[in-house]
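Participant: Take this structure, written in C-alpha cells, and hold onto it; I'll ask about it next.
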Amino acid sequence: MNKNNKETVKIIPLGGLEQIGMNITAIEYEDSIIVIDCGLAFPEDDMLGIDLVIPDVTYLKENADKVRGLVVTHGHEDHIGAIPYIEKELNMPIYATKLTMGLIENKLKEHNLMNNTRRKVVKYGQNINLGAFRVEFIRTNHSIADSAALAIYTPAGLIVHTGDFKIDYTPVFGGTIDLQRFAELGKKGVLALMADSTNAEKEGFTQSEKTVGRTFDNLFNDNKDHRIIIATFASNVDRVQQIINSAYKYGRKAVIEGRSMVNIITTASELGYINIPDNTLIDISEMKNYPDEKVVLITTGSQGENMAALSRIAASIHNKVAIKPGDVVIFSSHPIPGNEKAVFKVINELEAKGAHVIFEDTHVSGHACREELKLIYALTRPKYAIPVHGEYRHLKRHAELAVEMGIPKENVKIMTTGDVLEIGEEKFDVVGKVPAQGVFVDGLGVGDVGNIVLRDRQLLSQNGLIIIVVTLDRYSNQLVAGPDIVSRGFVYVRESETLMEDCRITCQEALDRCLSRGVTDWGKIKSVIKDDMGEFLWKRTKRSPMILPIITEV
C-alpha cells in the first residue's frame, strides 16, 4: 500500500445503521459511485399501516450519471428487498452470486423489470471493474448460501466489506469461508474494514449450522407418533435442507407452506442449492392422504407475523391446516428484537389448541460472535474500523472490540445513516450529511405517506375523529341545516346522547358568534368551531379527537 497516497474516497451509508435491516451503502470517488446492497426494513409498531420501509436514494438520483452498479452480498430481504423499487428510479446494473441473483430475479419478475435490468452473475474470486473501483467477491458463510464479502479496490486503498457473515467450518452447503483470502488481503494492506455487528455483543463463537441438524434428528426421533410443524425463516435454505434430511431419514413426507418459503425453495432447488430426495416433497393438498406421524410441515411465520402461514394456522384461519391436540410445533428461529410479543402470542394460541411447542436449541445464528470478529480483524489488520449492520448498542460493542484488537480509538468510527465519511491514508472524517430518512411503502404508494400523514394516523388511532357538517345559504350566509355531528372512534354515540347534544350546542354558539360578527371567511369559521369544540371536549372528556368541520353552501 502506497503510504504517500493522498487520494480519498467517500463512504456513505444510506441505511443499515441504528437498525437491523435496510442495508445500503454508497462508495464514491470523483465520477464513480458503487452501491453495496439495497435492502428493506419492516415497519416499527408506530408506523401505522405501513407495509415496508425502503431507503431514501435522493443522493443517488442526484448523481445518477456517476452510479456504476449495484453489488449484492447475499439474498436476504434486508439486503435485496428494495431492489425493484430503487431499480425503477436508477436502473443500475446488478452484480451478485448465483443464488442471490436467482432471488433478485424473482423480485424483478414480480415488478416486470426483467427486460430492462442488466444483471451479471459473479463467481467467488472474480473481479469486476466499475468506474474507478474494482470489486472482488470472497466466499463467506451465513444463514443463506452464496453469501459474499467484498474486497473493494479504490484509488485511496483497499476497503473490505464482510457483508453478513459467520465462520462455519462445517457448513451444510458449499465451502467454508475463505479465510486465506482475508489473510492475503491483510498482507497487502487493508485501509478499512466494514464488518457485521449484529452479534457483536455475544461472546464466543457462533455454532455451526450442522448442529441444528442433529437437534432435528433427536426431535424427530422423540416425536415419532405426532405430526411435526416447523417454523423457520423462508430464506434459511440450509435449515430447510436439514429438516428435509431428517424427514427423509424418518420416513416422513415434507410439505412447504407460505408464499415466500415456496418461492425461495423453488429457486434454490432449480439452481441446485438444496437437494430434495425424490417423493419426499408433497403438495399441501395431499397432506390429508397421509397419517399425521408421516408428515412434517415446514412453514413461515417464526416471527409471529400476522399474515404468515403459522400465525394463520394458530388463529384457525388457515384454509388447509388445523392444529390438533398432540401436534408438535418447533420454532427454529430466535425472535428478532421487538417481535417477542407477537411470537409469544402465537405460541399461546398454539398451546391453547393442544399443541406442544418447542422453542429452544433449534436455531443457530447466521452472524459472527466476538471471537469470529476478532479473527477477521487479526487476518485483515485494517488501519480503520467502520462497524456496520446493527443498532447503536451493537455498533458500540463492535467499536470497543476493534480497539481491543489494537486499532487506535481515533481510527474507529460509529457512523449514522446519511453521514459522508471521507477516508484516505491521512484522512478519516465525517465531512457532510445526505438525506437518508427511509421511504414508506403503503400498498402501491411509494413515499406518498410521510411523517405528517403518520402523525394524523396516530392521532386518529388514539383519539378518534369528529366531523361537524354545517350548511349555509350562499347569499345571506344564514344557517340552513346543521350543525350535524358524526363521530368515529371517539365515544359510543348511543350511550352519549347528552354529550353529543352539548357538542351541537357548542358548535351552534360558535357559529352564531361568527355570523353575528359578519365573519364570512370559511377558514376563520372552521378554526373557531375547532377551537371551541376542542376546548369543550377536553373539559368534558379529557380527550382530544381530530375535529373536521365541513361547510357547504346552497
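The values are calculated or read from the model by the stated rules, or taken from the named source; none is laboratory data. What you see is a predicted model; the values in this text were computed from it and never measured. Note that we place each Cβ from the backbone using ideal geometry, even for glycine, and neighbour counts take in every protein chain shown.
Participant: Examine region 398-409 for a residue that is buried (at least 18 other Cβ atoms within 10 Å of the Cβ), touching a Ser or Thr at 6+ places or on another chain (Cβ under 8 Å) and more than 22 Å from P155 (Cα to Cα), and state whether such a residue exists.
Facilitator: Yes, some residue in region 398-409 is buried (at least 18 other Cβ atoms within 10 Å of the Cβ), touching a Ser or Thr at 6+ places or on another chain (Cβ under 8 Å) and more than 22 Å from P155 (Cα to Cα).
Participant: Of all the residues that make up region 373-393, how many are surrounded by 24 or more Cβ atoms within 10 Å (Cβ to Cβ) and part of a helix (DSSP H, G or I)?
Facilitator: Of the residues in region 373-393, 3 are surrounded by 24 or more Cβ atoms within 10 Å (Cβ to Cβ) and part of a helix (DSSP H, G or I).
Participant: While we're on this one: Any idea which of E422, E400 is at pLDDT 95 or above and in a helix (DSSP H, G or I)?
Facilitator: On inspection, the qualifying residue turns out to be E400.
Participant: For region 126-142, which residues satisfy the criterion of being surrounded by fewer than 17 Cβ atoms within 10 Å (Cβ to Cβ) and free of Cβ contacts under 8 Å to residues at least 40 places away in the same chain?
Facilitator: Selection gives Q126, N127, N129, R134.
Participant: Same structure again: For region 72-90: of the residues being over 20 Å from G443 (Cβ atoms) and touching a strand residue (DSSP E or B) at 6+ places or on another chain (Cβ under 9 Å), which is surrounded by the fewest Cβ atoms within 10 Å (Cβ to Cβ)?
Facilitator: Filtering region 72-90 for residues that are over 20 Å from G443 (Cβ atoms) and touching a strand residue (DSSP E or B) at 6+ places or on another chain (Cβ under 9 Å), the one surrounded by the fewest Cβ atoms within 10 Å (Cβ to Cβ) comes out as L90.
Participant: Could you list, in sequence order, all residues of region 463-490 that are among the basic types (K, R) and not in a strand (DSSP E or B)?
Facilitator: Matches in region 463-490: R474 only.
Participant: Test A231 against the stated conditions and say whether it is outside the structural domain of D51 (by TED's automatic domain parsing), within 20 Å of E351 (Cα to Cα) and surrounded by 23 or more Cβ atoms within 10 Å (Cβ to Cβ).
Facilitator: So A231 fits the description; yes.
Participant: Being at pLDDT below 95, in contact with a Pro (Cβ under 6 Å, 6 or more places away or on another chain), buried (at least 16 other Cβ atoms within 10 Å of the Cβ) and of a type in the set (A, V, I, L, M): is that true of V237 here?
Facilitator: Criteria not met by V237.
Every residue, every condition in (1) surrounded by 15 or more Cβ atoms within 10 Å (Cβ to Cβ); (2) in contact with a Lys or Arg (Cβ under 8 Å, 6 or more places away or on another chain), yes or no:
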site: K288; (1), (2): no, no
site: P291; (1), (2): no, no
site: L297; (1), (2): yes, yes
site: N319; (1), (2): no, no
site: A322; (1), (2): no, no
site: V346; (1), (2): yes, no
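Participant: Is it true that some residue in region 501-519 is exposed (fewer than 14 other Cβ atoms within 10 Å of the Cβ), part of a helix (DSSP H, G or I) and of a type in the set (G, A, S)?
Facilitator: The answer is yes; a qualifying residue exists.
Participant: Among the residues of region 283-292, is any of a type outside the set (G, A, S), under 18 Å from R239 (Cβ atoms) and at pLDDT 90 or above?
Facilitator: So far as region 283-292 goes, no, none of its residues is of a type outside the set (G, A, S), under 18 Å from R239 (Cβ atoms) and at pLDDT 90 or above.
Participant: Picking from G69, G102, which residue would you name as being small (G, A, S), surrounded by fewer than 24 Cβ atoms within 10 Å (Cβ to Cβ), part of a helix (DSSP H, G or I) and not assigned by TED's automatic domain parsing to the domain that holds T267?
Facilitator: Unique residue meeting the criteria: G102.
Participant: Give region 180-211 a look and list any residue that's assigned to a loop (DSSP other than H, G, I, E, B) and among the β-branched types (V, I, T), or say none.
Facilitator: V190, T198, T206, listed by residue number.
Participant: Could you tell me how many of the residues in region 112-166 are among the small types (G, A, S), under 24 Å from the mean Cα position of the chain (by Cα) and at positive phi?
Facilitator: 1
Participant: Could I ask something else about it? Is there a residue in region 423-432 that is of a type in the set (A, V, I, L, M) and without any contact (Cβ under 8 Å) to a residue 12 or more places away in the chain?
Facilitator: No: region 423-432 contains no residue that is of a type in the set (A, V, I, L, M) and without any contact (Cβ under 8 Å) to a residue 12 or more places away in the chain.
Participant: Filter region 538-552 down to residues that are surrounded by fewer than 18 Cβ atoms within 10 Å (Cβ to Cβ), in a loop (DSSP other than H, G, I, E, B) and in contact (Cβ under 8 Å) with a residue 60 or more places away in the chain, then give me how many there are.
Facilitator: 2
Participant: Also, I was wondering about something else. In region 73-85, what residues are touching a helix residue (DSSP H, G or I) at 6+ places or on another chain (Cβ under 8 Å) and over 24 Å from D238 (Cβ atoms)?
Facilitator: Result: P84, single match.
Participant: Of all residues in region 212-258, which are touching a residue at least 24 places away in the same chain (Cβ under 8 Å), among the basic types (K, R), out of contact with any strand residue (DSSP E or B) (no Cβ under 6 Å at 6 or more places or on another chain) and not in a loop (DSSP other than H, G, I, E, B)?
Facilitator: R239, K249 - these are the residues of region 212-258 that are touching a residue at least 24 places away in the same chain (Cβ under 8 Å), among the basic types (K, R), out of contact with any strand residue (DSSP E or B) (no Cβ under 6 Å at 6 or more places or on another chain) and not in a loop (DSSP other than H, G, I, E, B).
Participant: Hey, among A145, A151, which residue is buried (at least 20 other Cβ atoms within 10 Å of the Cβ), part of a loop (DSSP other than H, G, I, E, B), of a type in the set (A, V, I, L, M, F, W, C) and in contact (Cβ under 8 Å) with a residue 24 or more places away in the chain?
Facilitator: Only one candidate passes the filter, namely A145.
Participant: Among the numbered criteria (1) touching a residue at least 40 places away in the same chain (Cβ under 8 Å); (2) within 23 Å of D456 (Cβ to Cβ), which one does E535 miss?
Facilitator: For E535, the failing item is (1).
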